[in-house]
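Every number here is computed from the coordinates shown, using simple stated rules; none is lab data. The model shown is predicted, which means the values in this text are computed figures rather than measured ones. Here the Cβ positions follow ideal geometry from the backbone for every residue, glycine too, while neighbour counts run over all protein chains shown.
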Amino acid sequence: MGIAYLNQDWKNLADTSAVKIPQNPLDRVIGQEEAVRMAGIASRQRRHLLLVGPPGVGKSMIAQAMSFYIPRPKEEIRVVHNPQYPERPFFEVKTQAEVLQEKEEGSAIEGEVVDPRAVPQSVAERLGYRCSKCGFYSIFTESACPQCSSPKFQVNSPSPFGDVFNVLGAAFGVPSNQEKVTSTRKIGDREEIIVYERYNDKVRVLNDKVLERRRKLEKRSPSKVIIPLDRNPFVLATGASETELLGDVRHDPYGGHPQLGTYPYERVIAGSVHESHEGVLFIDEITHLGQLQRQILTAMQEKSFPITGRNPQSAGASVRVDKVPCDFILVAACNIQDLQHILSPLRSRIVGGGYEILMQTTIEDTPENRMRYLQFIAQEINADGKIPHMAVDAAVLVIEEGRRRAKVQENRENALTLRLRELGGLVRASGDLAVYHDSAIIEKEHVLEALKTYLPVEEKIKKQYGNMGAAVASEATDSQKSQEYMFNYHNHIDDPSYQ
Ligand SMILES: Nc1ncnc2c1ncn2[C@@H]1O[C@H](COP(=O)(O)OP(=O)(O)O)[C@@H](O)[C@H]1O
Ligand SMILES: [Mg+2]
């Protein structure tokens, strides 16, 4: 076997740096053809997916890769203050176009920004840009004129003919140090209000139209974006807490006190079910959710889920936003032995609107699959970023180890293991040794050295104690032996992969 076994194409490669890594993340998944195909279909058709299989075979990788096919989110979700009943904020869905339009309106209310020399001199003086003595212009933060040193902000002499800008201030002798000056200007035979505002070293000019838009915006009920338009369509929820999964309303120590407290709508926090709206909600080890699986089912059926305060002691408990949208694709993962603990209506929901997939644990040992293994090694090295590439004859050793593990763990002949997380560990350990030995490439000897230490601990135990049972018997304390604790140990012993 060895090199001679490999096909022509990569016999010529010196090392893994020449291996092409696919752009599409689903193509980076090795040996899970069915899962990859179904993931592609599920993401385009918006179907749910249940991935069943042992750890480290690519379930998370596939779920994550699905977002490659998911279009960018088109909706933004906000909670809006309800003035009649603050503890029942509304939600509001804004389309991309609406969000864009609001942004434009927002920048339109910025008004026109001009140089202080472009506004009437008296305005520039009142805003603190122009020295009324010598006419020199400087920024308002300088209280004295840099040219003639006279103070810029003087107490105006009260004058009944005080200009239209500052009649009141002038009458009471208030210094003409203003952030804002309101005036009027004639356009044809129409007179319009015009406001000049300080804006760093410039002046902002706001006309009727801009002021009107501002007023309109201010009249709008205040709101908070809880699901922004620009978001990752892939949301990971691993054994998540209830609040993380379903959202919450934060506690307000001032209990919504009108002056000190915050409005209920400001304290609303979305859950993973909402964050994955229009995207993928990935729940690893779904059975760890226990009873929470019911809420997931409800969210899937309704495509919406209320957000309420989940701590009954908290001031948030009385706050609720009803029917917050959560239209997600559920990708759930679990081990074979946990399958029975999935809430059965949830499972039938997935089967009814999606697919259940059993992950593979091995692939046949063929030249093509060895090439895929090589791709896997290159991917691991790339992703790690801290280790050099691997010589092809060294990679063959990794492949041989994959073959050995398929035999030891899965009892398959002529196969390569797909428990690739563990094998990725071997690649990294070899890489670390190459770095340690100042080698620019991972050589055979580094893999051989790593193999000595990089056995699964169960295999090490078997070497040392003969078998797992003997190890447990000799190491368990008396109290462990007498307790149910032992049951956990037996779970491992019963694992067929280590018999
Ligand atoms: N089928 C595979 N193809 C390529 N790499 C894999 C595969 N399975 C696992 N890996 C590697 O192992 C890591 C862990 O895999 P992961 O998808 O988290 O496994 P799981 O979710 O099944 O426990 C991945 O990030 C990847 O580096
Ligand atoms: Mg995982």
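Using a basic spin-label model with each label point 7 Å from the Cα along Cα→Cβ, how many nm lie between Glu142 and His81?
Going from the Glu142 label point to the His81 one covers 4.1 nm.
Going by how many other beta carbons lie within 10 Å of each one, how would you line up Leu418, Leu374, Leu229, fewest first?
By the 10 Å Cβ count, ascending: Leu229, Leu374, Leu418.
Could you tell me what a quarter of the Cα convex hull surface of the chain works out to, in nm² with one decimal place?
Hull-based average projected area comes out at 38.4 nm².
For Glu92 and Asn414, FRET efficiency with R0 = 60 Å and r from the beta-carbon atoms, rounded to 0.05?
The pair Asn414/Glu92 has a calculated efficiency of 0.50.
Please arrange Ser223, Ser43 by how many other C-beta atoms lie within 10 Å of their C-beta, fewest to most.
Starting with the residue having the fewest Cβ neighbours, the order is Ser223, Ser43.
Under a straight-distance cross-link criterion of Cα-Cα below 22 Å, which lysines are reachable from Lys462, leaving out those fewer than 8 residues away in the same chain?
Lys407, Lys452, Lys481
Any chance you could run the full-extension gain for Glu242 through Arg185? It's 0.36 nm times the residue separation minus the Cα-Cα distance, nm to one decimal.
14.6 nm
Under 17 Å between alpha carbons, and skipping anything fewer than 8 positions from Lys386 in its own chain: which lysines qualify?
none
So in the chain, what percent of DSSP beta bridges are antiparallel if you round to the nearest 5?
Antiparallel bridges make up about 65 percent of those DSSP assigns within the chain.
Tell me, in nm to one decimal, what length is gained between Lys74 and Glu218 on full extension, where the rule is 0.36 nm per residue of separation less the Cα-Cα distance?
Separation in residues times 0.36 nm, less the Cα-Cα distance, equals 49.3 nm.
Most exposed first by the Cβ proxy, i.e. fewest other Cβ within 10 Å, how do Phe90, Phe328, Phe140 rank?
Phe90, Phe140, Phe328
Could you tell me the calculated FRET efficiency between Arg231 and Leu455, based on Cβ-Cβ distance and R0 = 35 angstrom, to the nearest 0.05?
Plugging the Cβ-Cβ distance into 1/(1 + (r/R0)^6) gives 0.25.
Take the Cβ-Cβ distance between Asp438 and Ala383 as r, set R0 to 30 Å, and report the resulting FRET efficiency rounded to the nearest 0.05.
Computed FRET efficiency for Asp438 and Ala383: 0.85.
List the pairs from Lys74/Lys209; Lys133/Lys180; Lys94/Lys180; Lys180/Lys224 whose alpha-carbon separation is above 25 Å, in the order I gave them.
Lys74/Lys209; Lys94/Lys180; Lys180/Lys224
Given labels modelled 7 Å from the Cα in the Cβ direction, how far is it in nm from His288 to Arg37?
My value for the distance between the label points is 3.2 nm.
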